[in-house]
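To keep things clear, I will list the structure first and then write my remarks on it.
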Number of protein chains: 2
Amino acid sequence: MQRQLFVRFHSVAAINAPTLAKRHLLSKFFPKMAPPYKLIYFDKPGRGEPIRLLFKYGGVVFEDVLIKREDWAQLKQKTPFGQLPLLEHNGKRVNQSVSICRYLGKLVKLAGKDDWEDLEIDAVVDTITDLRAKITIVRLEKNVALKKTMKEEALKETVPFYLSRLDALVQKNNGFLALGRLTWADLYFVGKIPIFSEFMGEDTIAKYTNLKALIDKIHALPGIKK
Amino acid sequence: MQRQLFVRFHSVAAINAPTLAKRHLLSKFFPKMAPPYKLIYFDKPGRGEPIRLLFKYGGVVFEDVLIKREDWAQLKQKTPFGQLPLLEHNGKRVNQSVSICRYLGKLVKLAGKDDWEDLEIDAVVDTITDLRAKITIVRLEKNVALKKTMKEEALKETVPFYLSRLDALVQKNNGFLALGRLTWADLYFVGKIPIFSEFMGEDTIAKYTNLKALIDKIHALPGIKK
């Protein structure tokens with residue numbers, strides 16, 4: 001199966017903390033060393049994108065193992081809970097994308113300064129996940145007519161409910177989702193935009209000017225900027 | 001509205017870490033001080049129960065504000081995202097039950113020793129939340145016939161899929177869900193048992209002997225034991 005996988009290696013310039021710069025330097029001098037982190041996910045944004053953004057932001061070298069849909073059935077049996085993404089590090093392997101993002105948020109110095117600050121970040125991340133979960137229920141509905149009604153309802157109620165409140169949070173928080181400064185919640189949110197855009201259209205999101213400004217700001221960050 | 005609320009105060013004997021003992025002592029000598037934490041949730045287990053278990057385990061004094069269903073519509077407007085539970089501390093207020101549990105897990109010394117250990121705890125917690133979310137979709141289905149089919153399917157596939165894997169995790173982890181020792185993931189899981197039991201029946205859970213032993217062990221802990 002290995003040969004069927006398309007593997008990308010990322011080594012983006014380290015940008016902020018000295019420890020990150022050191023880690024990057026290390027990878028420069030020992031280019032043949034296996035990257036310390038391996039992300040296993042499908043060859044699409046989905047739940048993998050916030051993880052990739054965090055790696056890129058931090059300039060952390062990682063192996064981006066892209067699974068093709070046709071290879072999934074075979075791999076699924078070998079995963080702990082039948083799910084991707086998986087993160088491998090030091091011979092250990094974990095699932096759960098949000099947990100992985102939280103871990104990487106600490107690694108790239110985008111976490112809180114104390115436990116309460118971490119709680120504030122976590123709460124907004126869980127709220128974004130709530131919105132994603134509500135969208136997923138609609139996306140997975142198989143009855144076409146029902147799905148149409150559910151989508152209309154979501155676009156009329158659920159989406160404005162969440163986006164208006166998140167937009168107000170960003171306005172209150174100095175242009176960020178939490179703590180008045182850049183945290184991993186912002187990268188998590190921006191990593192979810194491909195899923196959100198597909199469901200509600202980019203125009204819908206663009207109406208929320210504070211969220212739009214946040215998205216543009218994250219996309220302009222060194223490391224993330226294409 | 002305040003007078004309609006039934007408020008319980010908890011002050012359970014501190015049990016393990018010296019800091020917890022100290023905090024408890026403090027509350028003993030200054031019994032008139034307002035409890036440092038206020039939990040606002042409905043007068044049922046639901047999403048509040050894992051939070052209550054963590055407070056009780058740690059002997060942390062908290063105000064347990066129990067909201068009656070008939071008072072909810074009025075309060076809902078004042079919550080950040082139309083949801084309970086809310087945790088109040090030092091004049092600040094946050095939502096999101098899992099985030100609150102993680103914060104309390106650190107407070108009562110049931111978190112990991114490093115970031116990777118925290119990731120392992122978080123991953124199993126998110127997996128339990130996945131199971132809860134799949135159950136919630138069935139519980140919220142309004143079409144009675146469809147709900148019946150969905151429940152049968154969940155009991156035949158989703159529930160055994162998750163419980164068998166969680167059971168194996170407990171077997172592998174020295175009788176706990178993560179890290180081979182008691183963590184807040186165990187209290188989170190046991191706090192979810194009222195919801196799980198209501199859906200699948202206590203007998204279903206009891207079939208998974210490692211999970212059953214874990215539940216009994218948590219219920220026998222000082223502070224939690226009734």
- Query: Taking region A:61-93 on its own, how many of its residues are basic (Lys, Arg) and within 14 Å of another protein chain (Cβ to nearest Cβ)?
  - Reply: 4
- Item | region A:62-79 residues that are in a helix (DSSP H, G or I), paired with ones that are acidic (Asp, Glu) and open to solvent by 70 Å² or more (accessible area, probe 1.4 Å) (beta carbon under 9 Å, 6 or more apart) | A:69/A:43
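Kindly check whether there is at least one residue in region A:147-156 that is open to solvent by less than 40 Å² (accessible area, probe 1.4 Å), more than 16 Å from the chain's Cα centre (by Cα) and under 29 Å from residue A:119 (Cβ atoms). Before the answer, list the steps.
Here is the first cut: in region A:147-156, the residues open to solvent by less than 40 Å² (accessible area, probe 1.4 Å) are A:154.
Next cut, more than 16 Å from the chain's Cα centre (by Cα) only: A:154.
Then drop every residue that is not under 29 Å from residue A:119 (Cβ atoms), which leaves A:154.
Yes - at least one qualifying residue is present in region A:147-156.
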- Task: Among the numbered conditions (1) away from chain B (no Cβ under 14 Å); (2) without any contact (Cβ under 8 Å) to a residue 12 or more places away in the chain, tell me where residue A:186 comes up short.
- Result: (2)
- Residues of region B:172-193 satisfying the condition of being surrounded by fewer than 15 Cβ atoms within 10 Å (Cβ to Cβ) and assigned to a helix (DSSP H, G or I): B:172
- Query: Out of (1) modelled with pLDDT of 95 or more; (2) within 23 Å of residue A:198 (Cβ to Cβ); (3) assigned by TED's automatic domain parsing to the domain that holds residue A:35, the odd one out for residue A:128 is which?
  - Reply: (3)
- Message: Given the condition surrounded by 14 or more Cβ atoms within 10 Å (Cβ to Cβ), of a type in the set (Val, Ile, Thr) and at pLDDT below 95, answer yes or no: does some residue in region B:206-217 qualify?
- Response: no
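Counting just the residues of region A:133-146 that are more than 11 Å from chain B (Cβ to nearest Cβ) and within 24 Å of the chain's Cα centre (by Cα), which one comes out surrounded by the most Cβ atoms within 10 Å (Cβ to Cβ)? Please lay out each step first, then the result.
Kept after step one, since they are more than 11 Å from chain B (Cβ to nearest Cβ), are these residues of region A:133-146: A:135, A:138-139, A:142, A:144-145.
Retained after the next criterion (residues that are within 24 Å of the chain's Cα centre (by Cα)): A:135, A:138-139.
Working: A:135: 21, A:138: 19, A:139: 15.
Among those residues, the one meeting the criterion is A:135.
Only one residue in B:164, B:197 is polar (S, T, N, Q), open to solvent by 30 Å² or more (accessible area, probe 1.4 Å) and outside the structural domain of residue B:49 (by TED's automatic domain parsing), so which one is that? Lay out the reasoning, then the answer.
Working: B:197 fails: open to solvent by 30 Å² or more (accessible area, probe 1.4 Å).
Among B:164, B:197, only B:164 is polar (S, T, N, Q), open to solvent by 30 Å² or more (accessible area, probe 1.4 Å) and outside the structural domain of residue B:49 (by TED's automatic domain parsing).
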- In region A:87-106, what residues are surrounded by fewer than 23 Cβ atoms within 10 Å (Cβ to Cβ) and in a strand (DSSP E or B)? A:88, A:89, A:92, A:93, A:94, A:95
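Residues of region B:119-132 being of a type in the set (D, E, K, R), facing another protein chain (nearest Cβ under 7 Å) and closer than 20 Å to residue A:123 by Cβ, which ones?
We begin by selecting, within region B:119-132, every residue of a type in the set (D, E, K, R); these are B:120, B:122, B:126, B:130, B:132.
If we keep only those that are facing another protein chain (nearest Cβ under 7 Å) too, we end up with B:120, B:122, B:126.
Residues satisfying the conditions are B:122, B:126.
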- Note on the structure: Residue hits (region B:107-132; open to solvent by 40 Å² or more (accessible area, probe 1.4 Å), touching a helix residue (DSSP H, G or I) at 6+ places or on another chain (Cβ under 8 Å) and without any contact (Cβ under 8 Å) to a residue 24 or more places away in the chain) are B:115
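Condition first: within 12 Å of the chain's Cα centre (by Cα) and either more than 22 Å from residue B:193 (Cβ to Cβ) or modelled with pLDDT of 95 or more (or both). Can you find one or more residues in region B:66-84 that meet it?
Taking region B:66-84 as the starting set, the residues that turn out to be within 12 Å of the chain's Cα centre (by Cα) are none.
Checked against the condition, which is being within 12 Å of the chain's Cα centre (by Cα) and either more than 22 Å from residue B:193 (Cβ to Cβ) or modelled with pLDDT of 95 or more (or both), region B:66-84 yields no hits at all.
Taking region B:161-181 only, how many residues are of a type in the set (Ser, Thr, Tyr) and at the interface with chain A (Cβ under 9 Å from one of its Cβ atoms)? Show your work before the answer.
As a first pass, look at region B:161-181 and keep what is of a type in the set (Ser, Thr, Tyr): B:162, B:164.
In the following step, the residues that additionally are at the interface with chain A (Cβ under 9 Å from one of its Cβ atoms) were identified as B:162.
Number satisfying all stated conditions: 1.
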- Counted residues in region A:94-110 being within 10 Å of another protein chain (Cβ to nearest Cβ) and more than 13 Å from the chain's Cα centre (by Cα) come to 4
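The values are calculated or read from the model by the stated rules, or taken from the named source; none is laboratory data. Since this is a predicted model, take the numbers as computed values, not measurements. Heads up, the Cβs are rebuilt from the backbone with ideal geometry, glycines too, and the neighbour counts pull from every protein chain shown. Ligands, DNA and RNA are stripped out before the accessible areas are found, and what is left, the full protein with its side chains, is counted by its heavy atoms. Shrake-Rupley method; radii C 1.70, N 1.55, O 1.52, S 1.80 Å.
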